[in-house]
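Let me begin by presenting the structure, written as structure tokens, before commenting on it.
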Amino acid sequence: MKGVEIIANYSLKFTYDNIMSSDFGLILCSFENENQSNIISSSIELTTYKSPLSNRWFKYGYQYTDPIQFSITVGKYNDYKFKKLTKQEVGQINRWLMRTDGYHWFQFYDKKFGDIFFNCTAIKSEEVLISSETYGIKYTFITDSPFAYSEIKEVYFVATENLKSFTIYDYSDDIGHLYPHTTIKLLEAGNLTLHNSIEDRTITINNCSKGEIITMDGVYKNIHSSNTLHKLYDDFNWKYFRIANSFNNRENVITTSLKCEITMNWREIRKVGV
């Protein structure tokens with residue numbers, strides 16, 4: 001159809017909230033004279049100060065100012081032709097993408113962005129009309145952070161009497177730290193410490209019992225125990241476990257004081273923007 005083209009060098013398919021665009025017969029496309037949007041990454045705002053006795057400005061803080069935004073346009077394509085979208089189809093697609101139930105994971109299926117995930121929600125939709133018929137819909141998404149993320153990384157380790165250390169490498173694109181979801185099943189009773197070498201940081205949970213399962217959600221800063229009698233608010237030092245990287249070091253050597261099973265999962269940070 002004149003006026004419509006498949007996006008060159010870009011993904012044709014994507015998933016949102018674990019639903020594939022092809023389930024609706026949709027592909028990513030562009031329309032003639034349509035304003036194309038790239039992925040807009042966040043900018044960094046510096047906080048500086050200047051001494052009256054110096055001509056130099058010194059940095060004492062910074063922050064990312066905006067979350068990532070991006071736009072996509074979808075069209076219905078089969079039998080090598082673009083087809084118009086009915087009102088019912090538009091309603092179904094909007095029900096899937098225009099949501100008020102929070103952020104969901106978005107993934108393009110291509111070589112450039114195939115291993116990158118955006119935690120996002122659509123904030124705007126615009127129907128693309130040709131001869132008064134709807135042939136496409138343009139959506140604008142906003143994410144929950146200035147970053148995208150990797151696929152889920154997971155580590156499982158069993159600490160024994162003779163082996164109580166393991167190593168994690170943080171390959172995030174941003175220097176700093178992140179908090180994995182951490183589950184610890186105690187194989188013996190005692191005072192638990194979990195130490196990370198890269199920041200010389202130790203979490204402490206005293207009075208653990210054998211068989212107890214402790215779960216830490218670092219994102220929301222929650223900690224729970226399967227032992228309802230364990231008073232964590234007294235026994236936890238309130239340092240949630242985290243992994244980190246510096247410019248020259250990505251190695252996190254984790255050491256535990258007790259025999260236990262440790263499971264951690266997280267997403268590494270990916271900086272994107274074209």
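Just a few scattered comments:
- Restricted to the stretch 132-153, and to residues there that are aromatic (Phe, Trp, Tyr) and at pLDDT 90 or above, the residue that is nearest to residue 178 (Cα to Cα) is 149.
- Looking only at residues in the stretch 146-167 that are over 24 Å from residue 107 (Cβ atoms) and in a strand (DSSP E or B), the one that is nearest to the chain's Cα centre (by Cα) is 156.
- Among residues that are of a type outside the set (Ser, Thr, Tyr), part of a strand (DSSP E or B) and either under 18 Å from residue 177 (Cβ atoms) or not assigned by TED's automatic domain parsing to the domain that holds residue 142 (or both), residue 265 is included.
- For the stretch 239-261, the criterion of being in the same structural domain as residue 183 (by TED's automatic domain parsing), part of a loop (DSSP other than H, G, I, E, B), at positive phi and modelled with pLDDT under 95 is met by none of the residues.
- Some residue of the stretch 232-242 being touching a residue at least 40 places away in the same chain (Cβ under 8 Å) and among the polar types (S, T, N, Q): no
- Scanning the stretch 79-92 for residues that are surrounded by 10 or more Cβ atoms within 10 Å (Cβ to Cβ) and outside any loop (DSSP other than H, G, I, E, B) gives 82, 83, 89, 90, 91, 92.
- Tally, over the stretch 130-158, of residues that are hydroxyl-bearing (Ser, Thr, Tyr) and farther than 26 Å from residue 25 by Cα: 4
- Among residues of the stretch 191-231, those that are touching a residue at least 24 places away in the same chain (Cβ under 8 Å), buried (at least 19 other Cβ atoms within 10 Å of the Cβ) and assigned to a strand (DSSP E or B), counted: 8
The values are calculated or read from the model by the stated rules, or taken from the named source; none is laboratory data. The structure presented is a predicted model; accordingly, all values stated were derived computationally and were not measured. Using ideal geometry, Cβ is built from the backbone for each residue, glycine included, and neighbour counts are taken over all protein chains shown.
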